1. Sort out for me the Cα centre separation of the stretch 14-53 from the stretch 61-99, rounded to whole Å.
2. Please list, by residue number, every one of the trypsin sites (Lys or Arg not before Pro) in the stretch 10-89 that is coil in DSSP and has at most 11 other beta-carbon atoms within 10 Å.
Amino acid sequence: MKSAFEAVKAPRIPAYGDVGKEIKEAAQRVERSVSDARAAVSEKLDDGMVAARRLLKRSRNTVRDGLEEAAHTIKQHPFRSLAIGFAAGAMLGLLMPRPKKR
């Protein structure tokens, strides 16, 4: 029966001539990994830019539609809009803290 020390295989130590070859292969693997990572990051950045542009365009359209709807409502009901604006201003005035006199 083998002992625990005999069962474990020692890692192969490369000969002196093989060291340069293994270093080159390791360098190539690292270079490929860096290249793959760069490509993945670049792709994700491009996807993010496209998504941001779409969101910006949708936001602009939503704001434009909201402004048009507000203008239409104000034209249809000018006195109601004026009363709502006055009430909102009065509420803001009541809720804002006032500076104290010394």
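FYI, it's all coordinate maths here, none of it is from the lab. Small disclaimer: the values here were computed from a predicted structure and weren't measured. Note that each Cβ is placed from the backbone with ideal geometry, even for glycine, and that neighbours are counted across all protein chains shown.
1. So the two Cα centres are separated by 57 Å.
2. Arg12
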